[in-house]
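Accompanying notes for the structure given below.
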Amino acid sequence: MSEKMARDVMNQDVYTVRADLTVRELASTLLDREISGAPVVDEGGKLVGVVSYRDIALASSGGQRLDRDQSNPDYFVRGWEDRLEMSELASFHVEDEGLQVGEIMTPGLYTVDAGQSVSEVAKIMVRGHLHRVLVTTAEKVVGIITTSDLLRLLTR
């Protein structure tokens, strides 16, 4: 029996946002979908980063983006692990109506290729202390794999 690949276990239902979306539109979208963050793509669909409600909070406070420690795995998933309280996001107010997602997103992130073996994906997740990774093909998001997806394989 051949080993399963990332494409075999990933969830293909990944909501992405464009980098040129305004932060106000992003906040509304996150509220409507009851999600705390999303991968960010450019106009061609290429994955360019990730954004979360924490990025919106920083923007709404008028704060400058902080230089984050990219050696810390939390840098790449910050905000995705916490359950979003809708009242928190609804209270954010972004002064700059033209502020775009690309200006507040986290540009780096962990990804795996759809053709990588599940064992390789699991090793990446363990090494990076990650609970989820985006699956890409030709730099475009095609899915997501979570620790729950990997654990499900053990129960089959």
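The values are calculated or read from the model by the stated rules, or taken from the named source; none is laboratory data. These figures come from a predicted structure and were not determined experimentally. Using ideal geometry, Cβ is built from the backbone for each residue, glycine included, and neighbour counts are taken over all protein chains shown.
The residue that is modelled with the highest pLDDT, among those in region 119-137 that are of a type in the set (Lys, Arg) and exposed (fewer than 15 other Cβ atoms within 10 Å of the Cβ), is Lys123.
Residues of region 1-21 being surrounded by 12 or more Cβ atoms within 10 Å (Cβ to Cβ) and free of Cβ contacts under 8 Å to residues at least 40 places away in the same chain, which ones? Of everything in region 1-21, just one residue is surrounded by 12 or more Cβ atoms within 10 Å (Cβ to Cβ) and free of Cβ contacts under 8 Å to residues at least 40 places away in the same chain, namely Tyr15.
Among residues of region 31-64 being among the hydrophobic types (A, V, I, L, M, F, W, C) and touching a helix residue (DSSP H, G or I) at 6+ places or on another chain (Cβ under 6 Å), the one that is surrounded by the fewest Cβ atoms within 10 Å (Cβ to Cβ) is Leu31. Against the list (1) within 24 Å of Ala122 (Cβ to Cβ); (2) out of contact with any helix residue (DSSP H, G or I) (no Cβ under 6 Å at 6 or more places or on another chain); (3) among the basic types (Lys, Arg), the condition Lys4 fails is (2). Return the residues of region 95-128 that are in contact with a Leu (Cβ under 9 Å, 6 or more places away or on another chain) and in a helix (DSSP H, G or I); say none if nothing qualifies. Hits for region 95-128 are Val101, Gly102, Ile104, Val118, Val121, Ala122, Ile124, Met125.
Identify all residues within region 138-156 that are in contact with a strand residue (DSSP E or B) (Cβ under 7 Å, 6 or more places away or on another chain) and either of a type outside the set (Asp, Glu) or surrounded by fewer than 15 Cβ atoms within 10 Å (Cβ to Cβ) (or both); write none if there are none. Listed by number, the residues that qualify are Glu139, Lys140, Val141, Val142, Gly143, Ile144, Ile145, Thr146.
Could we say that Ser28 is of a type in the set (Gly, Ala, Ser), over 12 Å from Ile104 (Cα atoms) and at pLDDT 85 or above here? So Ser28 passes the test. Could you give me the residue pairs with C-beta distances under 7 Å whose first residue belongs to region 22-42 and is farther than 12 Å from Ser52 by Cβ, whose second residue is surrounded by 18 or more Cβ atoms within 10 Å (Cβ to Cβ) and among the acidic types (Asp, Glu) wherever it lies, and which are 6+ apart or on separate chains? Within 7 Å, no pair qualifies.
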